[in-house]
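**Student:** First the structure, which I've put down as structure tokens, then a few questions once you've had a look.
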Amino acid sequence: RGRKSASPDEAIAAAYVAAQFQSYGLMPAPGMEGYLQTAGVVTPKLTGHAVLNAGAARVSEGDGLTLLYSSGKPVSGNLAVVPADDIANLPAGDILLIRNPGKTPLSGWWRAVRSKGVKLLIVRDSDDSRALQKRFGGQTGTAPQLDSGQNGMGGARPDLIALSDAAFAQVATANGQAVTLDLGGATLERSLITNAIGYLEGSDPSAGLILVTAHLDHLGVQPDGTIMHGANDDASGTVAVLEVAHALAAGKKPRRGILFVAYGAEEIGGLGSTYFGEHPPVPLEKIVANLEFEMIGAQDPKMAKGELMMTGFERSNLGETLKAKGAKVTGDPYPDQHFFERSDNYSLALKGIVAHTISGWAVTPTYHDKTDDIAHLDLPFMTQAIQSLIVPVKYLVNSDFRPEWKPGGKPQ
């Protein structure tokens with residue numbers, strides 16, 4: 001059923017992974033009584049229709065306004081129009097309108113304004129905005145938070161709306177004026193996220209631990225009944241965690257301990273990894289490195305046969321060291337996509353841990369589509385990819401090597 005984030009289906013998948021960990025002989029992590037870590041989540045559910053007021057312009061949802069993403073709270077501030085497609089020089093403002101996105105995808109603008117503390121981003125309706133709406137299941141995406149009020153990796157996302165050409169032209173004339181976005185009301189839904197955690201004890205407690213991870217959730221069953229299976233994203237990575245755990249648990253006791261984690265709720269902002277980072281079963285300073293496995297079920301045509309990309313390769317000395325030990329990893333050929341910040345490794349990297357994601361074809365056409373099923377996996381490539389990871393992980397857990405960030409590589 002697609003293991004929807006923070007749903008009973010996610011919990012079932014986590015229970016399965018936990019059972020596999022136990023069958024391999026892994027133990028609960030130190031301080032944990034079992035293999036499952038749960039956390040409460042609150043998600044806004046919109047109950048009305050959005051209305052945007054900008055100067056003399058008034059635009060309603062369904063009549064020129066599409067609400068793509070919402071915090072569940074009304075937004076107000078002054079409008080600043082971005083006059084050119086210069087993503088590096090955004091004007092200051094609570095609410096930004098992008099007049100000309102240029103070649104930068106909507107997701108890139110959304111990430112860029114997020115780092116500026118923008119509350120609301122206004123764009124023109126386009127194929128790009130409609131594709132994003134499809135990713136949200138044809139409905140408004142909302143901003144889940146942990147019970148503590150904490151957002152996922154990277155902080156809060158700004159609200160995002162797309163306007164028809166006529167409405168966009170009207171609103172653009174309100175540059176510098178007060179703008180409000182009224183949502184018409186919202187309630188809060190409560191749910192649980194579930195992480196599965198297994199522990200392989202090391203022989204040297206002073207040597208630290210290695211963290212091997214993936215996310216087990218996906219997009220679940222859509223309102224129209226379509227199942228978003230998520231075979232590549234990220235059942236493939238979860239299988240990698242299971243197989244690496246199986247291989248290492250069956251061999252000689254490693255020098256370093258290993259935590260194997262399958263996170264829940266990655267698809268709604270990395271909430272599973274965020275919670276893990278705030279409530280680790282071991283002190284974070286004991287974690288030497290984190291390898292996340294994400295979407296390893298397809299070969300990237302841009303890379304050599306059997307090769308995998310490591311996000312943020314240039315940020316630390318981990319990738320080059322593993323490559324020297326035979327790992328088939330290379331740099332990210334899609335720097336404009338900012339993949340380093342888009343997977344659970346980022347939650348740990350923000351805590352200072354050298355953490356990277358290893359992927360196959362990260363821009364595969366099946367991404368967040370109903371075609372991401374077993375029939376569209378390249379199983380020989382996936383098998384080879386998993387096998388190629390065993391030796392590098394064995395090196396990490398049995399050596400004295402401690403990876404370090406390069407100057408400017410550690411995210412802030």
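**Student:** How about the range 209-236: which of its residues are open to solvent by less than 10 Å² (accessible area, probe 1.4 Å) and under 13 Å from the mean Cα position of the chain (by Cα)?
**Tutor:** THR213, ALA214, HIS215, LEU216, ASP217, HIS218, ASP233, ASP234
**Student:** Test THR364 against the criterion of being assigned to a strand (DSSP E or B), buried (at least 21 other Cβ atoms within 10 Å of the Cβ) and out of contact with any Phe, Trp or Tyr (no Cβ under 6 Å at 6 or more places or on another chain), and give yes or no.
**Tutor:** So THR364 fails the test.
**Student:** Still on this model: Would the range 135-146 turn up any residue that is in contact (Cβ under 8 Å) with a residue 12 or more places away in the chain, of a type in the set (Phe, Trp, Tyr), open to solvent by less than 40 Å² (accessible area, probe 1.4 Å) and not in a strand (DSSP E or B)?
**Tutor:** Quick first cut of the range 135-146, residues in contact (Cβ under 8 Å) with a residue 12 or more places away in the chain only: 135-146.
From what's left, of a type in the set (Phe, Trp, Tyr): 136.
Then keep just the ones that are open to solvent by less than 40 Å² (accessible area, probe 1.4 Å); that gives none.
No, every residue in the range 135-146 fails to be in contact (Cβ under 8 Å) with a residue 12 or more places away in the chain, of a type in the set (Phe, Trp, Tyr), open to solvent by less than 40 Å² (accessible area, probe 1.4 Å) and not in a strand (DSSP E or B).
**Student:** Also: Which ones in the range 279-297 are part of a strand (DSSP E or B) and under 18 Å from the mean Cα position of the chain (by Cα)? Break it down into steps so the answer makes sense when it comes.
**Tutor:** Taking the range 279-297 first, the residues part of a strand (DSSP E or B) are 287-294.
Listed by number, the residues that qualify are ASN290, LEU291, GLU292, PHE293, GLU294.
**Student:** Determine which single condition THR187 fails, assuming it passes every other condition in (1) out of contact with any helix residue (DSSP H, G or I) (no Cβ under 8 Å at 6 or more places or on another chain); (2) surrounded by fewer than 22 Cβ atoms within 10 Å (Cβ to Cβ); (3) not in a strand (DSSP E or B).
**Tutor:** All conditions are met except number (3).
**Student:** Still on this structure: Can we say HIS356 is buried (at least 20 other Cβ atoms within 10 Å of the Cβ), touching a residue at least 60 places away in the same chain (Cβ under 8 Å) and closer than 23 Å to ALA14 by Cα? Full working, then the answer.
**Tutor:** Numbers: buried (at least 20 other Cβ atoms within 10 Å of the Cβ): yes; touching a residue at least 60 places away in the same chain (Cβ under 8 Å): yes; closer than 23 Å to ALA14 by Cα: yes.
Considered against the rule, which asks whether it is buried (at least 20 other Cβ atoms within 10 Å of the Cβ), touching a residue at least 60 places away in the same chain (Cβ under 8 Å) and closer than 23 Å to ALA14 by Cα, HIS356 comes out as yes.
**Student:** Also, quick follow-up: Just need a number here: residues in the range 302-340 that are open to solvent by 50 Å² or more (accessible area, probe 1.4 Å), part of a loop (DSSP other than H, G, I, E, B) and in contact (Cβ under 8 Å) with a residue 60 or more places away in the chain.
**Tutor:** The number of residues fulfilling the criteria is 4.
**Student:** Would you mind finding the one in GLY31, GLY2, GLY40, GLY72 that is in a loop (DSSP other than H, G, I, E, B) and loosely packed, with under 15 Cβ neighbours inside 10 Å?
**Tutor:** Values: GLY2 fails: loosely packed, with under 15 Cβ neighbours inside 10 Å; GLY40 fails: in a loop (DSSP other than H, G, I, E, B); GLY72 fails: loosely packed, with under 15 Cβ neighbours inside 10 Å.
Result: GLY31 is the single residue among GLY31, GLY2, GLY40, GLY72 that is in a loop (DSSP other than H, G, I, E, B) and loosely packed, with under 15 Cβ neighbours inside 10 Å.
**Student:** While we're on this one: Mind listing just one residue for me: the one in the range 5-28 that is buried (at least 18 other Cβ atoms within 10 Å of the Cβ) and assigned to a helix (DSSP H, G or I) and, of those, nearest to the chain's Cα centre (by Cα)?
**Tutor:** Looking at the filtered set, the residue picked out is GLU10.
**Student:** Just to check your reading of the model, which residue among LYS406, LYS370, LYS410 is touching a residue at least 40 places away in the same chain (Cβ under 8 Å), basic (Lys, Arg) and in contact with a Lys or Arg (Cβ under 7 Å, 6 or more places away or on another chain)?
**Tutor:** Values: LYS370 fails: in contact with a Lys or Arg (Cβ under 7 Å, 6 or more places away or on another chain); LYS410 fails: in contact with a Lys or Arg (Cβ under 7 Å, 6 or more places away or on another chain).
Just one listed residue meets the conditions, LYS406.
Condition check ((1) under 29 Å from LEU219 (Cα atoms); (2) open to solvent by 50 Å² or more (accessible area, probe 1.4 Å); (3) in contact with a helix residue (DSSP H, G or I) (Cβ under 7 Å, 6 or more places away or on another chain); (4) modelled with pLDDT of 85 or more) across all residues:
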position	(1), (2), (3), (4)
PRO83	no, yes, no, no
PRO101	yes, yes, yes, yes
LEU106	yes, no, yes, yes
SER126	yes, no, no, yes
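**Student:** Still on this structure: Whether any residue in the range 49-65 is closer than 17 Å to ALA166 by Cβ, of a type in the set (Asp, Glu) and open to solvent by less than 80 Å² (accessible area, probe 1.4 Å) is what I want to check.
**Tutor:** Yes, because at least one residue in the range 49-65 is closer than 17 Å to ALA166 by Cβ, of a type in the set (Asp, Glu) and open to solvent by less than 80 Å² (accessible area, probe 1.4 Å).
**Student:** Let me ask something else about it. Of all residues in the range 367-388, count the ones that are touching a helix residue (DSSP H, G or I) at 6+ places or on another chain (Cβ under 6 Å) and open to solvent by 10 Å² or more (accessible area, probe 1.4 Å). Full working, then the answer.
**Tutor:** Restricting attention to the range 367-388, the residues satisfying the condition of being touching a helix residue (DSSP H, G or I) at 6+ places or on another chain (Cβ under 6 Å) are 368, 372-374, 377, 382, 386.
Narrowing further to those that are open to solvent by 10 Å² or more (accessible area, probe 1.4 Å): 368, 373-374, 377, 382, 386.
Within the range 367-388, residues that are touching a helix residue (DSSP H, G or I) at 6+ places or on another chain (Cβ under 6 Å) and open to solvent by 10 Å² or more (accessible area, probe 1.4 Å) number 6.
**Student:** Considering only the range 215-237, state which residues are in contact (Cβ under 8 Å) with a residue 24 or more places away in the chain and assigned to a loop (DSSP other than H, G, I, E, B).
**Tutor:** Once the filter is applied, which keeps residues that are in contact (Cβ under 8 Å) with a residue 24 or more places away in the chain and assigned to a loop (DSSP other than H, G, I, E, B), the range 215-237 yields LEU216, ASP217, LEU219, GLN222, PRO223, ASP224, THR226, HIS229, GLY230.
**Student:** From the list LEU200, LEU209, LEU216, which residue is under 16 Å from GLY264 (Cβ atoms), at pLDDT 95 or above and among the aliphatic types (A, V, I, L, M)?
**Tutor:** Values: LEU200 fails: under 16 Å from GLY264 (Cβ atoms); LEU209 fails: under 16 Å from GLY264 (Cβ atoms).
Criteria check complete, one pass: LEU216.
The values are calculated or read from the model by the stated rules, or taken from the named source; none is laboratory data. Please read these numbers as outputs of a predicted model, since none were measured by experiment. Here the Cβ is made from the backbone with ideal geometry for all residues, glycine too, and neighbour counts use every protein chain on show. Heavy atoms of the whole protein, side chains included, go into the accessibility calculation; ligands, DNA and RNA do not. Shrake-Rupley method; radii C 1.70, N 1.55, O 1.52, S 1.80 Å.
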